[in-house]
Amino acid sequence: MRSCQAVLTADGDYEAFLKVLPSDAGRYAGYNFGEINGRADTVVFSHWSPDRELVKSKMLYATFRADFRDALGGVAVNIQATDVEEASRETVLARVS
């Protein structure tokens with residue numbers, strides 16, 4: 001069985017961040033949008049689970065999602081996405097506001 005993998009990034013280009021996410025495998029991902037609405041660090045935690053991911057892998061990621069997110073601390077927004085549209089910058093910013 002594959003283990004869960006994380007993609008952690010610092011500030012940078014969000015579109016480049018999205019391109020790192022695989023089309024057939026799940027990931028946990030963190031992204032710091034920087035200052036939004038007066039909050040110095042707006043960290044977004046994403047559970048990436050594309051439709052093409054194997055069901056067994058989806059279940060594994062879902063099982064440990066909360067533990068991993070909680071260990072990060074300071075997460076402003078929690079996103080679960082199955083495609084790039086659900087993880088788009090506009091979608092995330094709408095959830096932050």
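The values are calculated or read from the model by the stated rules, or taken from the named source; none is laboratory data. Just so we're clear, the structure is a prediction, and the values are computed from it rather than from any experiment. Using ideal geometry, Cβ is built from the backbone for each residue, glycine included, and neighbour counts are taken over all protein chains shown. Just the protein is used for accessible areas: all its heavy atoms, side chains included, with ligands, DNA and RNA removed. Shrake-Rupley method; radii C 1.70, N 1.55, O 1.52, S 1.80 Å.
Could you provide, to the nearest whole Å², the per residue accessible area of the chain with probe 1.4 Å? Result: 59 Å² per residue.
Charges at C-beta only: +1 for Lys and Arg, -1 for Asp and Glu. How large is the resulting dipole of the chain about its Cα centre, in Debye rounded to 20? Walk me through the numbers before you get to the answer.
Working: 11 positive and 14 negative charges, 76 e Å.
It works out to roughly 360 debye.
In this view, the solvent-accessible surface of residue 58, computed with a 1.4 Å probe and all protein chains in place, comes to about 60 Å². Once you list every other residue whose beta carbon is under 13 Å from the beta carbon of residue 49, what net charge do they have if Lys and Arg are +1 and Asp and Glu are -1? Net charge around residue 49: 0.
Once the mean of 1/r is taken over each pair of separate Cα atoms and inverted, segment 29-72 shows a Kirkwood hydrodynamic radius of 12.0 Å. Per residue, the chain reaches -10500 deg cm²/dmol at 222 nm when only DSSP H runs of four or more residues are counted, each adding -39500 (n - 2.57).
Taking percent of Cα pairs over 20 Å apart straight from the coordinates, which label in (1) 51; (2) 32; (3) 57 is the correct one? From the options (1) 51; (2) 32; (3) 57, the structure gives (2).
Per residue, the average separation of C-alpha pairs within less than 8 Å and at least 6 apart gives the chain a relative contact order of 26 percent. Axis of helix 55-72 versus longest Cα principal axis of the chain: the two differ by about 30°, to the nearest ten degrees.
Between the residues 57, 30, 40, the greatest Cα displacement towards the positive end of the dipole of the chain, with unit charges on the Cβ of Lys, Arg, Asp and Glu, is found for 57.
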